Structure formats: C-alpha cells, structure tokens
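Shown below is the structure under consideration.
Bear in mind these aren't lab numbers, they're just calculated from the coordinates by the rules spelled out. Everything quoted here is computed from the prediction, not taken from an experiment. We place every Cβ from the backbone using ideal geometry, glycine too, and count neighbours over all the protein chains shown.
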Amino acid sequence: MKNLDIDRQYLRATLLELLKIPSPTGMTDVVVQMVCHKLEAMDIEYELTRRGAIRANLPGKVHSPDRGIAAHLDTLGAMVKNLKSNGRLEVVSVGTWPARSAEGARVTLFADHGKHYRGSLLPLKASGHVFGKQVDTQESTWQNLELRLDEPVENLADLERLGVHPGDMLAVDPQPEFLDNGFWVSRFLDDKAGVAALLAAAKAVTDAGCPLPMDCHLLFTISEETGAGASHILHGDVAELLAVDNGTSAPGQNTSEYGVTIAMQDSSGPFDWYLTRRLISLCENYGIEHKRDVFRFYRSDSAAAVEAGNDIRTGLICFALDASHGYERTHEKSVTAVAQLLALYMQSGLLFERDEHALGPLEDFPEDPSDWDDSEFCAIDSTGPSD
C-alpha cells in the first residue's frame, strides 16, 4: 500500500468545474456528462443507470466481492410552485435546506424549450424602507419566500407569456471563491468537494498503476439530497460501501477543520465497527490528520443503501464544512486529506474472508470487535507522497 500524491491542481480545477454546472436533484444530466468525460480521460470504465447515476470500476485482483465508494452529484435547489398575480413566483425547496440560506440567492429558472430566466429569491417583506422592523420579525420559511424574475413581469399574464410554469426548476448560483490561504467558499461544496476528492483519488491510483486487491466501484449518485442515495446503483457483490460527504463544523461537533472526519454514527445509526476502524488505522499509520465525530441530523448515501435492504458494511468519511446547506466553507487541506485516505482505502484488502459470501457459518464470525487488530492490512509502505 502506498500513500500516493494527490494532484492538488487537478482537485481544485475539477471542483471549480463541477461547481459551474447547475445540478439540483432532478436536473443532473450535464454534470453526469462532465464526470463521465473525466473517467474516460483516466481510461476508467463506467456504466449509467436509466436516470444517470454512474457506476465506474477500478479493477482489482478479485472481482467478487467488491467495494463501493459513493459521492453525490446532485445539489439542493428549488422549484416553482405557483404563478402569482403580482408577477412574482411562489417557490418550494428541492432537498432540505433552510429558507434563511436561500434569501437573497441569485438563481436561474429553467423553463421549457431551453428558455432560461434570471432572478432572486427574496422574502415577501424584503425592503426595510417599506416594512420597517417587519423585515426582521417575518418568519423565515419557504412560504415567505418568492422569486423575483429579472423580466418585465407585473401580473400572471406576463408570466404566462414568458412560458413559466409550476414545476420549473431553479438552480442557485454557487458563487465560488477560492482563497490563496486554502479556504474554499461556495454553495454546494456538499457534495461536489467529495466528488472532486473521489476523482482525484482515482487519478492518483491510476497514474501510479497501483494494483488493487479487489474491484472498487466509484459510485456517483444523483438523488442523495432527496433521500434515495446509493440505493439504486448497488449490486449484490458489494461487501463494503464508503460514502464521501461533508462533516459539519459547528459548536458541539468534533469535525477536523484541516483533515478527515470519520463518522461513527449519523441519524440512521452507527457505521460498521470494523470499516471505521480500518479507516482510522489507515489515517494513524500514514499520518493523515483526522478526528471522529457523530452527527445527529444527518444521513448519507450509505444510509439509503442499507434502508433499501443491502446487507453491507458501511462507513462515512467527511471533508470539513462550515455552514452546511448555506454559503459553505471548507479547506484545501481537508479535501486533499479525504482524497489521500480514499486512495489508501482503495488499496486495502477485504476486511474479512467471510465477506466473500452474504451468508456464512458461525465459526469464522468475529468474536469480539474490541480485540480486533487491523495492523497487518494497514502496513506502512516506504513510498510516501512528496512535499
């Protein structure tokens, strides 16, 4: 196993390219095309589901069982609910995100026949010059938001003339700002930073020609923000599923601001004891900054996979994210550390030989997880990343 160099220029450029493509849940085809071209550039084979989820494959010595690593391409967004008599538009959220994070956002409305319109999401009482203190006392809810189109519209007939309908999708501008000190600020770093880290890890492995002990599927999902996650892209040979997503930086959390956060539990329950310890051992042995954390109001691609009836070991690793589902911030070091850990995990062996089969006898079932030693699978290679 080798601690591989991560191409930071590729990581940064890929993330910026992803952020430029609108991809709210339900409108992900363009970003799917982009990721497929990235995989083709690395000679990584892939296939698509009917709706566009991507299952790529890094071949290993053993083709079954295999492992999967999932990151989601879809982001939060909004949708037109109703056309209003004053020329404004009632809106609803796509995915779960707070109305206060949407207030003031610039958006593109995607109408039929390729028509695009620009506008802003605003509170119903947006002007202090008109409403005074009511702008502060109005409850921040999606019912109290509306879309102001930057078009000459004053009534329902004007909206109909533009061809605007209920159900038109709204994509929010990400407004990325990447600072020289390593901080990356943008909407939708969740989970486009995770996608970029997964692609950068795959590039490191393929560039180095590292042999993998087992097939590793790179899973790019398209409906995590609405709960479906990786449930629709797995097959029966997958024994382990590792999700890549954000780790929330906030009071009461233990997220690593500049390293990897290994989630021990989210709102769906604990992650697999052995898989999380494998990831911790890899970090410890290869000097990757990391912390453990528990998330109470959070679920990921792996949760949807288990809820769909898949009997697989699941884990979650995270890049740091401040103000999740808002105007988010991470750091280059954290996303790079996630990519480093992913590249190591791809090179690690199967957790247990019994995992080759869905069912097995008691004799080879682990007796006491607290005594489990994973050191032989996480041995340090003398080859490390250059400075």
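Out of region 27-44, which residues are in contact with a helix residue (DSSP H, G or I) (Cβ under 8 Å, 6 or more places away or on another chain) and either under 26 Å from residue 109 (Cα atoms) or not in a helix (DSSP H, G or I) (or both)?
Those that are in contact with a helix residue (DSSP H, G or I) (Cβ under 8 Å, 6 or more places away or on another chain) and either under 26 Å from residue 109 (Cα atoms) or not in a helix (DSSP H, G or I) (or both): 31, 34, 35, 42, 43, 44.
Picking from 121, 145, which residue would you name as being surrounded by 15 or more Cβ atoms within 10 Å (Cβ to Cβ), without any contact (Cβ under 8 Å) to a residue 60 or more places away in the chain and under 25 Å from the mean Cα position of the chain (by Cα)?
When all the criteria are applied, what remains is 121.
Within region 41-56, does at least one residue satisfy the condition of being surrounded by fewer than 19 Cβ atoms within 10 Å (Cβ to Cβ) and within 25 Å of residue 151 (Cα to Cα)?
No, region 41-56 contains no residue that is surrounded by fewer than 19 Cβ atoms within 10 Å (Cβ to Cβ) and within 25 Å of residue 151 (Cα to Cα).
Can you give me the ranges of the strands (runs of 3 or more DSSP E) entirely in region 273-378 with at least 3 residues that are surrounded by fewer than 16 Cβ atoms within 10 Å (Cβ to Cβ), hydrophobic (A, V, I, L, M, F, W, C) and without any contact (Cβ under 8 Å) to a residue 12 or more places away in the chain?
none
Every residue, every condition in (1) free of Cβ contacts under 8 Å to residues at least 60 places away in the same chain; (2) touching a Gly at 6+ places or on another chain (Cβ under 7 Å), yes or no:
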residue	(1), (2)
4	no, no
9	yes, no
16	no, no
24	no, yes
30	yes, no
56	no, no
59	no, no
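For region 161-185, name all the residues that are surrounded by fewer than 22 Cβ atoms within 10 Å (Cβ to Cβ), touching a Leu at 6+ places or on another chain (Cβ under 8 Å) and farther than 27 Å from residue 113 by Cβ.
176, 178, 185
OK, next. Considering only residues of region 101-133 that are basic (Lys, Arg) and in contact with a strand residue (DSSP E or B) (Cβ under 9 Å, 6 or more places away or on another chain), which is farthest from residue 165 (Cα to Cα)?
Selected residue: 106.
I've got another one for you. Just one of (1) in contact (Cβ under 8 Å) with a residue 60 or more places away in the chain; (2) within 28 Å of residue 186 (Cα to Cα) trips up residue 239, so point out which.
Among (1) in contact (Cβ under 8 Å) with a residue 60 or more places away in the chain; (2) within 28 Å of residue 186 (Cα to Cα), residue 239 violates only (2).
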